[in-house]
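The values are calculated or read from the model by the stated rules, or taken from the named source; none is laboratory data. The structure presented is a predicted model; accordingly, all values stated were derived computationally and were not measured. We place every Cβ from the backbone using ideal geometry, glycine too, and count neighbours over all the protein chains shown. All accessible areas refer to the heavy atoms of the entire protein, side chains included, with ligands and DNA or RNA removed. Shrake-Rupley method; radii C 1.70, N 1.55, O 1.52, S 1.80 Å.
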Amino acid sequence: YEYGDHPLSYGAWSSASSTQHKRTVSCTTCSYSTDAYGDHADGNVDGSCDTCSYGMSVFSVTVPASLKMVVSKEGEVYAAENASIINHSTGSVVASAVTVEAKNGWKIAPYSSDMAGEKVDAKKIGFSLNGAATKTSGSKEALSLSAGEWTISKGGELPLRYDAVVSAVSAPVNGQVLNLTFVFAWA
């Protein structure tokens, strides 16, 4: 016997499943034929497999790790002006829920509260985010989100405008007082 390498001919890639693509590999001199498989990949994040153009969905949203606030001695609240949520997904997304939870001994108060009448070190905070504000007292509250205002288009941003009303404290607070939880879904 004399052995030789198969001179191979490769077919075009096509989608085989939601995770893989395939192509036919055939010998040009004999009847050998098989299918070769590969995993879908979207390196350029355009929503399609780079090899076979299979439509892929990518869900990726970046939320700021913290939203810092500074409160002056007079009770004036200063918030960052450059905070935003960025949508890296292959389609539009929507923030379907935002929950505010008090931390480290603080309590949630209605954002409409007049904190001037609260006792010093009452540790109360009312919070507003893009017009959705705390309305009750307690340790946790889901904000009421306005439909349409929380939708972020593919590649888009949602600026975060936030504010607070805070009861007076006897010593500076340099730590976390609220935790925000965002829930996102396809728009």
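Scanning segment 150-163 for residues that are in a loop (DSSP other than H, G, I, E, B) and open to solvent by less than 20 Å² (accessible area, probe 1.4 Å) returns 150, 156, 160. Look at segment 11-24: where a residue is among the β-branched types (Val, Ile, Thr) and a partner is not in a loop (DSSP other than H, G, I, E, B), sitting 6+ places away or on another chain with Cβ atoms under 9 Å, you get 19/39; 24/9; 24/10; 24/33; 24/34; 24/35; 24/36. Confirm whether residue 77 is more than 19 Å from residue 124 (Cβ to Cβ) and among the β-branched types (Val, Ile, Thr). Spelling it out, it is not the case that residue 77 is more than 19 Å from residue 124 (Cβ to Cβ) and among the β-branched types (Val, Ile, Thr).
Selection of segment 129-149 for residues being within 20 Å of residue 84 (Cβ to Cβ) and surrounded by 15 or more Cβ atoms within 10 Å (Cβ to Cβ) yields 129, 130, 132, 133, 143, 145.
So which residues in segment 115-128 are open to solvent by 70 Å² or more (accessible area, probe 1.4 Å) and among the small types (Gly, Ala, Ser), if there are any at all? Hits for segment 115-128 are 116, 117. Kindly evaluate residue 55 against the criterion of being within 23 Å of residue 155 (Cβ to Cβ) and surrounded by fewer than 14 Cβ atoms within 10 Å (Cβ to Cβ). Yes, satisfied. In a strand (DSSP E or B) and either at pLDDT 95 or above or not polar (S, T, N, Q) (or both): is that true of residue 111 in this structure? Considered against the rule, which asks whether it is in a strand (DSSP E or B) and either at pLDDT 95 or above or not polar (S, T, N, Q) (or both), residue 111 comes out as no.
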